[in-house]
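The values are calculated or read from the model by the stated rules, or taken from the named source; none is laboratory data. Quick caveat: nothing in here was measured; it's all calculated off a predicted structure. Don't worry about glycine lacking a Cβ; one is built from the backbone with ideal geometry, like all the others, and counts go over all protein chains shown. Only protein heavy atoms, including side chains, enter the accessible area calculation; ligands, DNA and RNA are left aside. Shrake-Rupley method; radii C 1.70, N 1.55, O 1.52, S 1.80 Å.
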Amino acid sequence: MVLVSKKILIAVPVIIAVVAVAGIFVWRFMESSFAEVENAIKSFVSALNNYDADACWDLMSPSLRSFYGTKEDFNSSILDGLRQSSWHAELVGISSKSIETKSGRTTAKFIVSLEISESSFDQYTDTYTFDLVKIEDKWLIENWRVGVWD
């Protein structure tokens, strides 16, 4: 017969409770972070829908801004094209989401479905990959591309 000490009998439920509480804390933290990322994407899509170069620019990371050159370049290369086709999009689904911190840099990758309408096309749904980076407690768009990207 194996005898289990009273200390072990008390310790096991305490350990289980601590792990459960920690798990709930991590889950709530991640859900909160996921909601922040989703809101940043929705804000960016809304700014695109309004052809608002200032709002788009404010939601972009420094590296994405650098990619486009200047706000005026972004306006003429991206927003003018969207404006000409009366482009409008709504976020209708998220098929994948992740947040990762490495070497002090926190990033997120969301694969979303956008329902898009344009003047020359029937309404359609397209998949976009959004990469974001957290800078000074604010999620910024680092990249956005049609399709699923790793």
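Per-structure values
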read-out: Conditions (1) closer than 18 Å to GLU38 by Cα; (2) in contact (Cβ under 8 Å) with a residue 24 or more places away in the chain; (3) surrounded by 12 or more Cβ atoms within 10 Å (Cβ to Cβ); (4) polar (S, T, N, Q); number of the one not met by SER95; value: (3)
read-out: Selection count, the range 105-148, where residues are open to solvent by 20 Å² or more (accessible area, probe 1.4 Å), under 18 Å from SER63 (Cα atoms) and not basic (Lys, Arg); value: 9
read-out: Filter pass, ALA89 being in a strand (DSSP E or B), open to solvent by less than 70 Å² (accessible area, probe 1.4 Å) and over 21 Å from SER33 (Cβ atoms); value: yes
read-out: Enumerated helices (runs of 4 or more DSSP H) restricted to the range 1-71, each holding at least 3 residues that are modelled with pLDDT under 95 and out of contact with any helix residue (DSSP H, G or I) (no Cβ under 7 Å at 6 or more places or on another chain); value: 6-49
